[in-house]
Amino acid sequence: MSAVGTQTERLAAMIQDAGSVVALTGAGISVPSGIPDFRTPGTGLWANVDPIEVAHIDVFRRDPERFWRFYGDRFQTLEHRQPNAAHRALARLEAAGLLDAVITQNIDRLHDKAGTHELIEIHGTIGHSSCPVCGSRYVLPDVRGRRNRDPAGIPRCDCGAPLKPDVVLFGELLPADALARAEDLAAGADLLLCIGSSLEVYPVAQLPATTLAGGGSIAVITLGATPYDSRAAIRCGGDVVAELTGVTAALGLG
Ligand code: ZN
């Protein structure tokens, strides 16, 4: 690999040279899988509803029927989506021993489907739902079946209580263990790959600063500006699929 190359080749070289590489991903990595970023106005499922108003823990508690009418559609939209080449590139880097973990804001399970093992889902996952009363956990196909069989469209636990998706709803705290893990990984990373995230929302907004404070570098691979652009060792504004598949190709990983 030449010392002077394209941004993508430079990024590949940095990944190869770093002792610890961690990826941090946001909605942008799932856009090529057909999942719109809900912060983009007027797109997708969120166009006609205010998610902050409906996907709220208070709505779940007060009116589970209304909550599930909205969230059930969201589940259906996400359930059959497939990972794209960017998700697969990260799984490939991990398999090659070049990536320690993926921290994601996404709840869509696509990193998991792509084969990433060390995965920290700081906003939870649609992969399962739990009973707030007895703690029983149900996987997604079972939750869907229960929802379809319930006259009010509410998936219910065997104990009768409405199930809650294991995603972080508005008004809920982030899972402390996942958050602590993400902070540890960011602190210990020689290189943090920030992919498809505007890096504006806590806690993701803080993780690149944690890496920089620990003496590591950050690479920002996302469309649009982020607060970290001036501090990034590498800044790619291109398409996440093109960038990450370019990196794996440069590393000879196919
Ligand atoms: Zn229960």
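Quick notes
- Unique residue being free of Cβ contacts under 8 Å to residues at least 40 places away in the same chain and either part of a loop (DSSP other than H, G, I, E, B) or more than 16 Å from the ligand (Cβ to nearest atom) (or both) when the list is Leu173, Leu179: Leu173
- Count of the stretch 138-183 residues which are surrounded by 14 or more Cβ atoms within 10 Å (Cβ to Cβ) and not hydrophobic (A, V, I, L, M, F, W, C): 17
- Count of the stretch 132-143 residues which are more than 22 Å from Asp58 (Cα to Cα) and either modelled with pLDDT under 95 or of a type in the set (Val, Ile, Thr) (or both): 3
- Criterion applied to Arg181, Arg156, Arg231 was being in the same structural domain as Val54 (by TED's automatic domain parsing), basic (Lys, Arg) and modelled with pLDDT of 95 or more, and the one residue passing it is Arg156.
- In the stretch 125-139, the residues that are of a type in the set (Val, Ile, Thr) form Cβ pairs under 9 Å with partners that are near the ligand (Cβ under 6 Å from one of its atoms) and in a loop (DSSP other than H, G, I, E, B), at six or more places apart or across chains, as follows: Val133/Cys157; Val133/Cys159; Val133/Ala161.
Quick grid of which residues meet (1) touching a Gly at 6+ places or on another chain (Cβ under 9 Å); (2) within 16 Å of the ligand (Cβ to nearest atom); (3) outside any loop (DSSP other than H, G, I, E, B):
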| residue | (1), (2), (3) |
| --- | --- |
| Ile126 | no, no, yes |
| Ser129 | no, yes, yes |
| Pro132 | no, yes, no |
| Arg147 | yes, yes, yes |
| Ala152 | no, no, no |
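The values are calculated or read from the model by the stated rules, or taken from the named source; none is laboratory data. Because the structure is predicted, anything quoted here is derived from the model rather than measured. Note: ideal-geometry Cβ built from the backbone for every residue, glycine included; neighbour counts use all protein chains shown.
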